[in-house]
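One structure below.
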Amino acid sequence: MPRETAFLCLRSGSTTPLREVDRYAAQRGLDERDTGLARRLVGTEIRRRGTLRAVLAAFAHAKPKADLATLLRLGIAQLLFLDRVPDHAAISETVRCVTDHLGLGKGRTANAVLRSVQRSIRPGACGDPTRDVVGRDLRFEFPVFRDPEAHPHLWAEDALSMPSALHKRWAQRMGREEADRLARLALEEPPLSLRIRSERPRDEVRAELQSAGAPSVEGEHPRFLLVAPEDAAAALASPLFHHGEITVQGEHAFRAALVLSDVKGRRVLDLCAAPGGKTAALLEGEPGHLVACDLSPRRLQRIPTGFQRLGLVAPGLLAMNGADALRADARFDAVLVDAPCSNTGVLAQRPGARWRHGPQGQKELVDLQRALLRAAAAHVEPGGVLVHSTCSLENEENEQQVRGFLRDHPEWSLEQERRSAPRSLDSGGPTDGGYAARLRAPNASGAR
């Protein structure tokens, strides 16, 4: 049942199949353990899809159709990445699922492919990047992945499960070593990033988390702690989280809200507010009035529930497309546009985003960001501030977007920029990457 549930989530057509797991699991009556396995299967297939595709291509005699390919990738994922699933169970249960959905003939094909993969896996890495499974102490008996010297970006897609076009973009801009580092980070579930909301010293909060079974390391920002994925549940079950003394938030996301500068007593507009993390950080700054907007009414509805735990009163909520529901004369001292983006700074947290990245989608995002930025600017009080932020690493969504705005609005000025790239637990994070820029509107006389 967990394998069938994972299969149904992946073939559902959802762009975020991980979010479908609980719904499908409830429909099928899965208990907590089987739901966890289904979630792990879906997450592993998404994170390691490039590797799973490469392995399947190396062992299948012919390219399988979509449904069989999905089920075979789930089977291979168990053999390579799920230690707690015995090989015999991975094969037999996957074959049963294939047979139930696609027939006996396809079940026999699945059995042959999975047993061939199993026979080829060897313990221990050998130093050959065409054979070693990245992040695992395993290798294949013959080359499965493309040669990184001859085809570095295709190897990255095979071995690091990072689309070759995206890896190439990164390598051209940041160098191959950094591109590989970012890709490797995105292979694993990231640490849980916790922001300390109380005034208690970080050491004290850290000690309490330790007592709750969630050891942590200090983040770069003095109000942040990072918890390993395997200890995340204990952190979220702790009294600290229950009482709102800590909250889940990436350090870059928090700093992006701070770029808006002091909001105390001011009129603030959060134009793309859901799911509300930055909105909460803004409210803690005690604005005089805050309006939170988002295109999705469903996502906006979740904000008040989350704020109850934090002891915050939800702001005015407004579902609208961009700024189209605001009165033409509505003005704010500070406006935050946390724009929809490619999510390339948070691929560990949102693993499916890498497979949605492409030229057409990128162009549509850039156009949407441009429209949002210009619409927001029309509602900034003279002398007020406008912040453009993303969780993207792509220049055209970040620096180029801001430079384009300034070319079209030369009376505005750039006051601050902040860029960050995700880093590991050992380095203290941040676990998220992105960009934020603060722009200053001209005063009433037109001067900067």
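The values are calculated or read from the model by the stated rules, or taken from the named source; none is laboratory data. A quick note: this is a predicted structure, and the numbers were derived from the prediction, not measured. Ideal geometry is used to build each Cβ from the backbone, glycine not excepted, and the neighbour counts take in all protein chains shown.
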From the residues in the stretch 182-208 that are more than 19 Å from Glu251 (Cα to Cα) and not acidic (Asp, Glu), which one is surrounded by the most Cβ atoms within 10 Å (Cβ to Cβ)?
Ala183
Can you name the strands (runs of 3 or more DSSP E) wholly within the stretch 351-448 that have at least 3 residues being surrounded by fewer than 23 Cβ atoms within 10 Å (Cβ to Cβ), of a type in the set (Lys, Arg) and touching a strand residue (DSSP E or B) at 6+ places or on another chain (Cβ under 7 Å)?
none
Could we say that Val217 is closer than 23 Å to Ala314 by Cα and touching a residue at least 60 places away in the same chain (Cβ under 8 Å) here?
no
Of everything in the stretch 302-346 that's free of Cβ contacts under 8 Å to residues at least 60 places away in the same chain and β-branched (Val, Ile, Thr), which residue is farthest from Leu260 (Cα to Cα)?
Thr305
Quick one: how many residues across the stretch 159-181 are buried (at least 21 other Cβ atoms within 10 Å of the Cβ) and within 16 Å of Ser392 (Cβ to Cβ)?
5
I'm told Leu138 meets every condition in (1) of a type outside the set (Val, Ile, Thr); (2) within 23 Å of Met1 (Cβ to Cβ); (3) surrounded by fewer than 19 Cβ atoms within 10 Å (Cβ to Cβ); (4) in contact with a Gly (Cβ under 8 Å, 6 or more places away or on another chain) except one. Can you identify the failing condition by its number?
(2)
When the residues of the stretch 242-259 are narrowed to those that are within 16 Å of the chain's Cα centre (by Cα) and part of a loop (DSSP other than H, G, I, E, B), which ends up surrounded by the fewest Cβ atoms within 10 Å (Cβ to Cβ)?
Gln249
Spans of helices (runs of 4 or more DSSP H) in the stretch 1-47 with at least 2 residues under 21 Å from Ser92 (Cβ atoms):
2-10, 32-47
Only one of Arg122, Arg84 is over 20 Å from Pro64 (Cα atoms), at pLDDT 95 or above and not aromatic (Phe, Trp, Tyr), namely Arg122
Segments classed as strands (runs of 3 or more DSSP E), wholly inside the stretch 260-329, with at least 3 members that are at pLDDT 90 or above and touching a strand residue (DSSP E or B) at 6+ places or on another chain (Cβ under 8 Å):
267-270, 289-294
Go through (1) closer than 21 Å to Phe140 by Cα; (2) among the β-branched types (Val, Ile, Thr); (3) over 27 Å from the mean Cα position of the chain (by Cα) one by one and return the number of the condition Val85 breaks.
(3)
